[in-house]
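Asks: Below is one structure. I have some questions about it.
The values are calculated or read from the model by the stated rules, or taken from the named source; none is laboratory data. Computed from a predicted model, the values in this text were never measured in an experiment. So basically every Cβ, Gly included, is an ideal-geometry build from the backbone, and we count neighbours across all protein chains shown.
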Amino acid sequence: MFLAEEWLKEIDEKVRPLVIILNEFPGTHTFTSCGGHKKPLEISQCGPGKFWVNMYFNRTGPGWRSLELITHVVKYLVHAEGVKVKLDPWFNGIEPEQTHSLMFELSGKDCIELLTSELKKIQVKFK
């Protein structure tokens with residue numbers, strides 16, 4: 001997915017490379033993110049060194065494959081010493097019958113560069 005130049009300016013600089021690489025996976029769409037702030041001013045801002053990116057995937061073969069590859073990288077990094085990263089599912093509905101979207105939050109601490117690098121490697125390997 002191509003990110004328009006004006007949208008790129010709105011993304012926190014620290015998390016921008018991660019958001020760009022995530023959107024390059026077929027069927028992957030990020031919609032909010034935070035790259036960490038020295039003094040968070042809003043509830044949606046995370047503290048220094050922390051980050052999060054919310055995304056969803058198309059319900060297609062390429063979308064599911066992208067989810068699989070991103071999950072693989074997160075699982076691999078979770079087992080690396082000292083890396084704090086997770087991929088949590090969440091739904092936009094309280095009751096199952098209200099849910100019409102499955103979304104994911106990718107979050108972590110002090111590992112944006114490593115995560116971005118590993119995602120680039122797996123993306124090249126499976127293109």
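Asks: Could you list, in sequence order, all residues of region 12-27 that are part of a loop (DSSP other than H, G, I, E, B) and either of a type in the set (A, V, I, L, M, F, W, C) or touching a Leu at 6+ places or on another chain (Cβ under 6 Å) (or both)?
Replies: Answer for region 12-27, where residues must be part of a loop (DSSP other than H, G, I, E, B) and either of a type in the set (A, V, I, L, M, F, W, C) or touching a Leu at 6+ places or on another chain (Cβ under 6 Å) (or both): VAL15, PHE25.
Asks: Scan region 19-26 and give yes if some residue there is touching a Pro at 6+ places or on another chain (Cβ under 6 Å), of a type outside the set (Val, Ile, Thr), in contact (Cβ under 8 Å) with a residue 40 or more places away in the chain and within 16 Å of LYS120 (Cα to Cα), otherwise no.
Replies: Taking every residue of region 19-26 in turn, at least one turns out to be touching a Pro at 6+ places or on another chain (Cβ under 6 Å), of a type outside the set (Val, Ile, Thr), in contact (Cβ under 8 Å) with a residue 40 or more places away in the chain and within 16 Å of LYS120 (Cα to Cα).
Asks: Restricting to region 55-71, name every residue that is surrounded by 12 or more Cβ atoms within 10 Å (Cβ to Cβ) and outside any helix (DSSP H, G or I).
Replies: Passing the criteria: MET55, TYR56, PHE57, ASN58.
Asks: Within region 72-125, take every residue that is modelled with pLDDT of 80 or more and aromatic (Phe, Trp, Tyr) and give me the one that is surrounded by the most Cβ atoms within 10 Å (Cβ to Cβ).
Replies: My answer is PHE104.
Asks: OK, next. Which of the residues spanning region 28-44 are in a loop (DSSP other than H, G, I, E, B), without any contact (Cβ under 8 Å) to a residue 40 or more places away in the chain and either surrounded by 16 or more Cβ atoms within 10 Å (Cβ to Cβ) or of a type in the set (Gly, Ala, Ser) (or both)?
Replies: GLY36, SER44
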